[in-house]
Ligand code: SF4
């Protein structure tokens, strides 16, 4: 459903909800790549219809304000915005 | 959605225009060229997609009325510049950040959540029963920069920040 997978080391199940136009989302994606973690990401602004609604519901569960980027780790920990230090800590780096 | 990629030339032109307008009005664009151009590309993509410069770092609904507060410059820019030294996207930065006297930090979202916005719209459209004021003219407020004017209608374009008439609200 619009998710792209980026290969890397297993640091938990990492999902990045992002916008294709947002620089902070791109920075977060690059950070995850630089940290060498495996993750999947989706550009929510490119989704339409039911896919978009369903994905927004997912984001809302972790971040009621529905802002981007939202990174979810192992379905429980969420990092809202571009937070380098928090991300490293969450990935045990 | 048919989004042809904005060309480098379009990005540079809009950058030049926004930079000129910002400096004229006492604002500053982020001096990081790649960063700023990437945001400006986002503004152009959104213009193609929705018909207006919706904020690149926020999810637009595609409904202009709904997105009015996040058409760049958004209603939240000035407060974020004061408090964090940058707007939410960091397209605009404060003088201190520009001069390197203040670091750029992540700016938390100030825009109310979708639920709160929906409630506010409902409250606005509900008849309040009382007359707005006894002043001889209604007062209009530009939601982008705070400019006030007392006349029958707001101006077509804000004389201070150049925001469109639709960004004005009845103040009293
Ligand atoms: S002023 Fe900044 S935060 Fe507001 S819409 Fe423009 S780029 Fe986005």
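No value in this document is a laboratory result; all are computed from the given coordinates. Please read these numbers as outputs of a predicted model, since none were measured by experiment. Here Cβ is always computed from backbone atoms with ideal geometry, including for glycine, and neighbour counts include all displayed protein chains.
Convex hull volume per residue, computed on the Cα atoms of segment B:127-170, equals 75 Å³. Take every pair of alpha-carbon atoms less than 8 Å apart whose residues are at least six positions apart; their mean separation over the length of chain B yields a relative contact order of 15 percent. Between residue B:20 and residue B:148, the contour length at 0.36 nm per residue exceeds the Cα-Cα span by 43.7 nm.
The modelled label-to-label distance between residue A:34 and residue B:116, using points 7 Å beyond Cα along the C-beta direction, is 3.2 nm. Of the residues B:41, B:77, B:117, the one that moves most in a GNM of chain B with alpha-carbon contacts below 10 Å is B:117.
Beta bridges from DSSP with both residues in segment A:4-90: antiparallel share about 70 percent, rounded to the nearest 5. Peptide A:13-25 has a mean of 5 when you count, residue by residue, the C-beta atoms of other protein chains within 10 Å of its C-beta.
Inter-chain neighbour count for A:39-48: the average number of beta-carbon atoms from partner chains within 10 Å of each residue's beta-carbon is 2. Peptide B:41-54 is shielded by partner chain Cβ atoms: per residue, an average of 2 of them sit within 10 Å of its Cβ.
The alpha carbon centroids of segment A:1-23 and segment A:55-78 are separated by 12 Å. Contact order for segment A:4-90, expressed relative to its length and based on alpha carbon pairs under 8 Å spaced 6+ residues apart, stands at 35 percent.
The label-point distance for residue B:65 and residue A:20, in a model that sets each label 7 Å from Cα toward Cβ, rounds to 2.8 nm. Panel order for A:55, B:36, by other beta carbons found within 10 Å of each beta carbon, from fewest to most: A:55, B:36. Averaging the sequence gap over all C-alpha pairs within less than 8 Å and six or more residues apart, then dividing by the number of residues, gives segment B:127-170 a relative contact order of 36 percent. With neighbours defined as other Cβ atoms within 10 Å of a residue's Cβ, the residues A:24, B:140 order from fewest to most as B:140, A:24. What do you get for the angle between helix B:8-24 and the principal long axis of chain B? Use alpha-carbon atoms, 0 to 90 degrees, nearest ten. Between helix and principal axis, roughly 50 degrees. Between the alpha-carbon centres of segment B:4-49 and segment B:61-126 there is a gap of 17 Å.
For segment A:4-90, the percent of C-alpha pairs falling in each 5 Å distance bin, counted from 0 to the bin holding the largest distance, reads 3, 15, 29, 28, 17, 7, 1, 0.
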